[in-house]
Amino acid sequence: MKLQTLILLTVLLMASLILVKLLREAPRAAEREEYLVGGYNPITNINDPHVIEIAKFAVTQYDKQSGVKLKFKKVIKGESRVVAGINYRLTLSAGEGWVSKIYEAVVWEKPWLHFRNLTSFKPLYA
């Protein structure tokens, strides 16, 4: 009986954390011009500190995985969608020295678990 109670409390706690996260994200969703359930939705404030943090994370992770030494420049546009967390699809500028290129990065984030994963990072306009 104690194990069942512990499991129930754990499930309730996890559901509460997810609900708190979704409620914290609601103002960002309200800033969007339109909201498409299940699909990507535009991020209207690409200068939001959290969006910049996600973009810098993407460049840093790509550097670690590839051995390249890109430096983040700026976010050009962004979209997000709610999955088991949030997927951010960002178009960003990064480069080595004077040469900058445009890249598309996809980052999966579960903020309540302090989890981020670079799903893809590819150059655009090769």
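Nothing in this text is a laboratory measurement; each read-out follows from the coordinates by a stated rule. Model, not experiment: these values are computed from the prediction. Neighbour counts run over all protein chains shown; Cβ positions are idealised from the backbone, glycine included.
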Ranked output for segments 85-94, 46-55 by mean other Cβ atoms within 10 Å, highest leading, reads 85-94, 46-55
Those trypsin sites (Lys or Arg not before Pro) from the stretch 37-72 that are DSSP loop and have at most 15 other Cβ neighbours within 10 Å turn out to be Lys69
The lysines whose Cα lies under 27 Å from the Cα of Lys71, excluding any fewer than 8 residues away in the same chain, are Lys56, Lys101, Lys110, Lys122
Taking a ≥ b ≥ c as the square roots of the Cα gyration tensor eigenvalues, with a/c under 1.5 meaning rounded and otherwise prolate when a/b beats b/c or oblate if not, the stretch 59-126 comes out prolate
